[in-house]
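Reviewing the structure listed below.
Read-outs: derived from the displayed coordinates by stated rules, not from any lab. It should be emphasised that the depicted structure is a prediction, and the values quoted were computed from it without experimental measurement. Here Cβ is always computed from backbone atoms with ideal geometry, including for glycine, and neighbour counts include all displayed protein chains.
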Amino acid sequence: MPQIKSAIKRVKTQANANKRRAAQLSELRTAVKKFKVAQAAGAENASELHKAAARALDKAASKGLIHKNKANRDKSRLAKLAK
């Protein structure tokens, strides 16, 4: 544990940021997984879930959670599945 006041604060803020990033990444993975499961089952709401997954990928890329190229690559792969 750090002794300097500013270093103590950095540890706290980094821990909070890490929790936030983990939660956002979990939401992203859940959205993508829901779409893939619905698509495989032939569910009627698969197009809505595709839209939600693409939106989650865009939001993650805009927040710096994932790289924009990864977001575009994943959206492209989801679009292939949607056809």
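Putting +1 on Lys and Arg Cβ atoms and -1 on Asp and Glu Cβ atoms, find which of Val32, Ala60, Ala15 reaches farthest to the positive end of the dipole of the chain.
Going by the charge dipole, the pick is Ala15.
At 222 nm, what value in deg cm²/dmol follows for the chain if DSSP H runs of at least 4 each add -39500 (n - 2.57) and the sum is divided by all its residues, to the nearest 500? Working shown, then result.
Details: 3 runs with 69 residues, N = 83.
Theoretical 222 nm ellipticity from helices: -29000 deg cm²/dmol.
Under a GNM of the chain (C-alpha, springs under 10 Å), which listed residue has the highest mean-square fluctuation: Ala38, Ala61, Ala17?
Ala17
What is the Rg over Rh value, at two decimals, for the chain, using alpha-carbon atoms and the Kirkwood definition of Rh? Let's see the in-between values first.
Values: Rg = 17.1 Å, Rh = 14.3 Å.
For the chain, the value is 1.20.
Given 0.36 nm per residue, what is the gain on full extension from Asn69 to Ala41 after removing their alpha carbon distance, in nm?
Values: separation 28, 0.36 × 28 = 10.08 nm, distance 2.85 nm.
Roughly 7.2 nm would be gained on extension.
Determine which lysines satisfy two conditions relative to Lys83: a Cα distance under 21 Å, and not lying fewer than 8 residues away in the same chain.
Partners within reach: Lys33, Lys34, Lys36, Lys51, Lys70, Lys75.
So what J values fall out for segment 67-83 if you push phi through Karplus, 6.51 cos²θ - 1.76 cosθ + 1.60 with θ = phi - 60°, rounded to Hz, Gly and Pro as x?
My calculation for segment 67-83 gives 6, 5, 5, 5, 4, 5, 5, 5, 5, 5, 5, 5, 5, 4, 5, 5, 6 Hz in order.
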